[in-house]
Amino acid sequence: MKIVVDAMGGDLAPAVNVQGAIDALRAFPDVEIALVGRRDDIRACLGEYADVADRLEIVDAPDVITTHEHPVMALRKKPQSSLVVGMNLVRAKEAEAFVSAGSTGAIMAGAMFKIGRIDGIERPALAPVLPAPKKPLMLIDAGANVDCHPEWLVQFGLMGSVYMEKVMGVKAPQVGIINIGEEAEKGDDLTKKTYELMTQGQPYQFAGNVEAREILSGQVDVLACDGFVGNVVLKYTEGMAGTMFGMIKTGLMGSLRGKIGALLCKPVFREIKHSMDSTEVGGAPLLGVEGAVVKAHGNSNARAIFCAIRQARKMVEGRVVEIIGREVTNLVLAQDAQQEQK
């Protein structure tokens, strides 16, 4: 399989993107990578790569879309940017996947307009997998669609369920809705109508409403919500994790007893930190488009880029795009049949 890596996307590009790509080629013999970006800049970062040179392609793209540009306008004005050139390779079926740590808005807009939606999908969704304490948890949508319809959330649940099963290895994933109460009658118009639709024989396991305090409890595997709620939850979770680790460190370092306790507990803290490390996840898949698209964090290091490529590889192996397409077709047919009966 061939995976396109946007060599110019991210705060530390292109060095970490190039190194992450080379590491991935060494780890996965079945993968070919096209590094898209400024050719001379990429070559300057290559170092020793003779052992994987036959599976590495450099595609020249002189322009770069930055995070400060309007996404749609940038796509139009910079057709020779690494992001557009890379996505065009996926659209032309010359590659199966696209990985970038660049502008989130440009990646979402590019995936919609350059790669295209899966037939039947109303809106693609950004779906990060949160490193929760008990097991991984998918949050969908996390910012691609601020205002949603109930039917979109039903599709988010479907796409998230397919991903968690095929990529994360979760059997019969449980799908829930983020809400202010567990009862069916709780919430706003969006969540109440979504709840009603999800109880009507969807092709996944619906677990009901999930309150905010239970998000990381392990009750469900996929949390469906609109992009506004999802983005708030995502940013709050990231901030809370950093704050808690900082408070614990400050408290332990404040006394001799604390320092001794910290030394004794160091292996435990290291394990917890590793389990909560978003770097190991790689990035957030953008589900609902005709290709495996992974958005890595803007400050990704080489390890995070490697993990994002690994994530894209699993999406291709699991035939996530194909299965979402098939299941959403069945879902639309079932919804049409219900409407006719009414």
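The values are calculated or read from the model by the stated rules, or taken from the named source; none is laboratory data. No experiment lies behind these values; they were computed from the predicted model shown. Here the Cβ is made from the backbone with ideal geometry for all residues, glycine too, and neighbour counts use every protein chain on show. Accessible surface is based on the protein model in full, side chains and every heavy atom, while ligands, DNA and RNA are left aside. Shrake-Rupley method; radii C 1.70, N 1.55, O 1.52, S 1.80 Å.
Things to note:
- Comparing Gln19, Met112, Leu153 along the charge dipole axis of the chain, the residue lying farthest to the positive side is Gln19, per the Cβ-charge model.
- The range 1-63, relative contact order in percent, only Cα pairs under 8 angstrom and at least six apart counted: 37
- Backbone amide hydrogens, once placed in the peptide plane, bring Arg38 within less than 5 Å of Ala61, excluding anything fewer than 5 places away on its chain.
- Converting phi to 3J(HN,Hα) with the Karplus coefficients 6.51, -1.76 and 1.60 and the offset θ = phi - 60°, the range 299-312 yields 9, 4, 9, 4, 5, 5, 5, 4, 5, 5, 5, 4, 5, 4 Hz in sequence order, with x at every glycine or proline.
- Most fluctuating residue given options Gln205, Gln311, Gln155, as computed from a GNM of the chain linking Cα atoms under 10 Å: Gln205
- Long-range HN-HN contacts of Ile177 with modeled amide H, under 5 Å: Gly208, Asn209, Val210, Ala224
- When the chain is treated as a GNM with alpha-carbon contacts under 10 Å, the residue of Ala308, Ala53, Ala111 showing the greatest mean-square fluctuation is Ala53.
- Across all Cα pairs in the chain, the calculated P(r) in 20 Å bins from zero up to the longest distance comes to 31, 54, 15, 0 percent per bin.
- Rounded to the nearest 20 debye, the dipole size of the chain about its Cα centre is 1000 debye, using +1 on the Cβ of Lys and Arg and -1 on the Cβ of Asp and Glu.
- Take every pair of alpha-carbon atoms less than 8 Å apart whose residues are at least six positions apart; their mean separation over the length of the chain yields a relative contact order of 23 percent.
- Pairwise FRET efficiency - Tyr49 versus Ala262, Cβ, R0 = 30 Å, nearest 0.05: 0.15
- Additional length obtainable on full extension of the chain from Ser255 to Tyr236, 0.36 nm per residue less Cα span: 3.9 nm
- Distance between the 7 Å Cα→Cβ label points at Leu333 and Glu151: 1.8 nm.
- Gyration tensor verdict on the range 80-137 (Cα atoms; rounded if a/c is under 1.5, prolate if a/b is larger than b/c, oblate otherwise): prolate
- Whole-number accessible area per residue in Å² for the chain, which is evaluated in the context of all protein chains at 1.4 Å: 48
- Whole-Hz Karplus values for the range 189-196 come out as 4, 4, 5, 5, 5, 5, 4, 4 Hz, taken residue by residue from phi with 6.51 cos²θ - 1.76 cosθ + 1.60 and θ = phi - 60°; glycine and proline positions read x.
- Computed [θ] at 222 nm, deg cm²/dmol, the chain (DSSP H ≥ 4; -39,500 (n - 2.57); rounded to nearest 500): -14500 deg cm²/dmol
- When Tyr195, Tyr204 are compared by accessible area of protein heavy atoms, the largest-first order is Tyr195, Tyr204, using a 1.4 Å probe.
- Thr199 paired with Thr67, simple spin-label distance in nm, labels 7 Å along Cα-to-beta-carbon: 4.2
- GNM remark for the chain: springs join alpha carbons under 10 Å apart, and the peak mean-square fluctuation among Ile118, Ile177, Ile323 falls on Ile323.
- Spin-label pair Arg39-Glu57: with each label point 7 Å from Cα along the Cα-Cβ axis, the two points sit 1.5 nm from one another.
- ³J(HN,Hα), Karplus 6.51/-1.76/1.60, whole Hz, each residue of the range 145-150, x for Gly, Pro: 10, 6, 9, 10, 9, x
- Using a probe radius of 1.4 angstrom, the carbon and sulfur fraction of the accessible surface of the chain is 53%.
- Residue-level accessible surface for Val321, protein heavy atoms, 1.4 Å, Å²: 40
- The slack between Lys93 and Glu214, meaning 0.36 nm per residue of separation minus the straight C-alpha distance, is 39.4 nm.
- Shape category assigned to the range 96-223 from the gyration tensor of Cα positions, a/c cut at 1.5: prolate
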